[in-house]
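I have placed the structure first, in the form of structure tokens, so that the comments after it can refer back to it.
The values are calculated or read from the model by the stated rules, or taken from the named source; none is laboratory data. Owing to the predicted nature of the structure, the values given are computational and were not obtained by experimental measurement. Every residue, glycine among them, receives a Cβ derived from its backbone with ideal geometry; neighbour counts consider all protein chains shown.
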């Protein structure tokens, strides 16, 4: 089930009615839990068993971890949790990837090895709920928060349907306390929730799918070298599509949760207005960035063990962050390129400090120019994220430089180029204007009739473009 479907709207309405009927709080939580399982089972019912298994293991292991004083047994319990969670993730998400690479290595040594296709199906959202449960057991091992007392609350924390499939990645202290006492949305929360849901659907259905997806798909699926204009148009289209698709999902998720009275963490904060790559990762997929920082980068040494250790920890974090997105070396290259950008940024920043130069301005024309430079460099990384193979990525990058000259094929219509030339700059300008602002806060600054006109426009465009809607890109991760 996806947010951009009429089936979800019916499901959402039923869940709201059940939540606001005069049932006990425990009954309402059971309703939310059952509804969340139904929401997930709409993709493939047997995979609900994986959710149950992950939930049960981490609930009881987490409690033992917190109370265990024997260091050896404590480490054993943590290993059990890691094997349970990462084992499932590795099998379903990376099983075929590992097998393909093993076959390639074996065949390099002259062995003719061709195993049967394992036919592994990737469960929707496994990367997200695995990281959600992992942070709980790691926190219990570190004793950084109290164990969840109720299995019902913990189950709901793991499977709460707004964040289940594509985030935000939620940590126990952010959500579990909200389940302990009755929750109903205030009038403002409900209003904000519906507004964010409408905005998220507009971002996904109208902008990502209707205006940008076809151009991006056409360019990246081209079997021949393209003209520089067509290549850049396709890359720009994908840069807008991936943001509007994923940020649209997160906006929907936060809005849906608000309608029930719950608060989910912000996952995007105008990342294409970022000045530099550290700023970009503070604004793009915020909950994943924070997870990688706290559970990978800092344990690897972070900033506290010298520059060499810091640079190594940073690159390892970005490489694994790339692999988290997909079982392909192109995703690893995408993460590695971001790691290289962060290296360069830190090196230049340290050089400025050593020379006694002031920090770079982040306002006005200078700030905007640096934000556009950051965006263009991020667009280069999107080539590896979107391309299926290194061959296609290389051909796209060469096409973007005009390497093929007159041999580059011009395949996009004038209308397709104009659409991207209008939509993407509008996204960039809007994000720069909203760089340090929140949509809901700005909505309240409008008069009631202006907000009504804007909201009506969003809804009408969603209805008009609904047929072009497709599954959210990050469902495959």
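Inside segment 306-336, can you point out the residues that are closer than 21 Å to residue 351 by Cβ, surrounded by fewer than 19 Cβ atoms within 10 Å (Cβ to Cβ) and in contact with a helix residue (DSSP H, G or I) (Cβ under 9 Å, 6 or more places away or on another chain)?
307, 310, 311, 315
When you check residue 253 against the structure, is it surrounded by 24 or more Cβ atoms within 10 Å (Cβ to Cβ), touching a residue at least 12 places away in the same chain (Cβ under 8 Å), under 13 Å from the mean Cα position of the chain (by Cα) and more than 30 Å from residue 360 (Cα to Cα), yes or no? Break it down stepwise before answering.
Numbers: surrounded by 24 or more Cβ atoms within 10 Å (Cβ to Cβ): yes; touching a residue at least 12 places away in the same chain (Cβ under 8 Å): yes; under 13 Å from the mean Cα position of the chain (by Cα): yes; more than 30 Å from residue 360 (Cα to Cα): yes.
Spelling it out, residue 253 is indeed surrounded by 24 or more Cβ atoms within 10 Å (Cβ to Cβ), touching a residue at least 12 places away in the same chain (Cβ under 8 Å), under 13 Å from the mean Cα position of the chain (by Cα) and more than 30 Å from residue 360 (Cα to Cα).
Got a sec? Which of 138, 126, 121, 57 is assigned by TED's automatic domain parsing to the domain that holds residue 154 and at pLDDT 90 or above?
Values: 126 fails: at pLDDT 90 or above; 121 fails: at pLDDT 90 or above; 57 fails: at pLDDT 90 or above.
Sole residue among the options that is assigned by TED's automatic domain parsing to the domain that holds residue 154 and at pLDDT 90 or above: 138.
Count, please, the residues in segment 320-379 that happen to be within 30 Å of residue 96 (Cβ to Cβ) and assigned to a loop (DSSP other than H, G, I, E, B).
Final tally of qualifying residues: 3.
Looking only at segment 10-18, decide whether some residue is free of Cβ contacts under 8 Å to residues at least 60 places away in the same chain, under 30 Å from residue 140 (Cβ atoms) and in a helix (DSSP H, G or I).
Checking segment 10-18: not a single residue is free of Cβ contacts under 8 Å to residues at least 60 places away in the same chain, under 30 Å from residue 140 (Cβ atoms) and in a helix (DSSP H, G or I).
Take the residues of segment 258-276 that are outside any loop (DSSP other than H, G, I, E, B) and within 17 Å of the chain's Cα centre (by Cα): which is farthest from residue 157 (Cα to Cα)? Step through it out loud before you land on a result.
If we filter segment 258-276 for residues that are outside any loop (DSSP other than H, G, I, E, B), which is where we start, we get 258-259, 271-273.
If we keep only those that are within 17 Å of the chain's Cα centre (by Cα) too, we end up with 271-272.
Details: 271: 27, 272: 31 Å.
The residue in question is 272.
Filter segment 157-184 down to residues that are surrounded by fewer than 20 Cβ atoms within 10 Å (Cβ to Cβ), farther than 15 Å from residue 131 by Cα and in contact (Cβ under 8 Å) with a residue 40 or more places away in the chain, then give me how many there are.
First, the residues of segment 157-184 that are surrounded by fewer than 20 Cβ atoms within 10 Å (Cβ to Cβ): 173-174, 177-178, 180-184.
Those left that are additionally farther than 15 Å from residue 131 by Cα: 177-178, 180-184.
Add one more test, that the residue is in contact (Cβ under 8 Å) with a residue 40 or more places away in the chain, and what stays is 178, 181-184.
The total comes to 5.
From the list 51, 38, pick out the single residue that is at pLDDT below 90 and part of a helix (DSSP H, G or I). Outline the logic, then answer.
Values: 38 fails: at pLDDT below 90.
Every option except 51 fails the conditions.
So which of 97, 59, 102, 131 ends up being farther than 29 Å from residue 264 by Cβ and surrounded by 13 or more Cβ atoms within 10 Å (Cβ to Cβ)? Step through it out loud before you land on a result.
Working: 59 fails: farther than 29 Å from residue 264 by Cβ; 102 fails: surrounded by 13 or more Cβ atoms within 10 Å (Cβ to Cβ); 131 fails: farther than 29 Å from residue 264 by Cβ.
When all the criteria are applied, what remains is 97.
Looking at this structure, is residue 203 touching a strand residue (DSSP E or B) at 6+ places or on another chain (Cβ under 6 Å) and either surrounded by fewer than 22 Cβ atoms within 10 Å (Cβ to Cβ) or free of Cβ contacts under 8 Å to residues at least 60 places away in the same chain (or both)?
On the way: touching a strand residue (DSSP E or B) at 6+ places or on another chain (Cβ under 6 Å): no; either surrounded by fewer than 22 Cβ atoms within 10 Å (Cβ to Cβ) or free of Cβ contacts under 8 Å to residues at least 60 places away in the same chain (or both): yes.
It is false that residue 203 is touching a strand residue (DSSP E or B) at 6+ places or on another chain (Cβ under 6 Å) and either surrounded by fewer than 22 Cβ atoms within 10 Å (Cβ to Cβ) or free of Cβ contacts under 8 Å to residues at least 60 places away in the same chain (or both).
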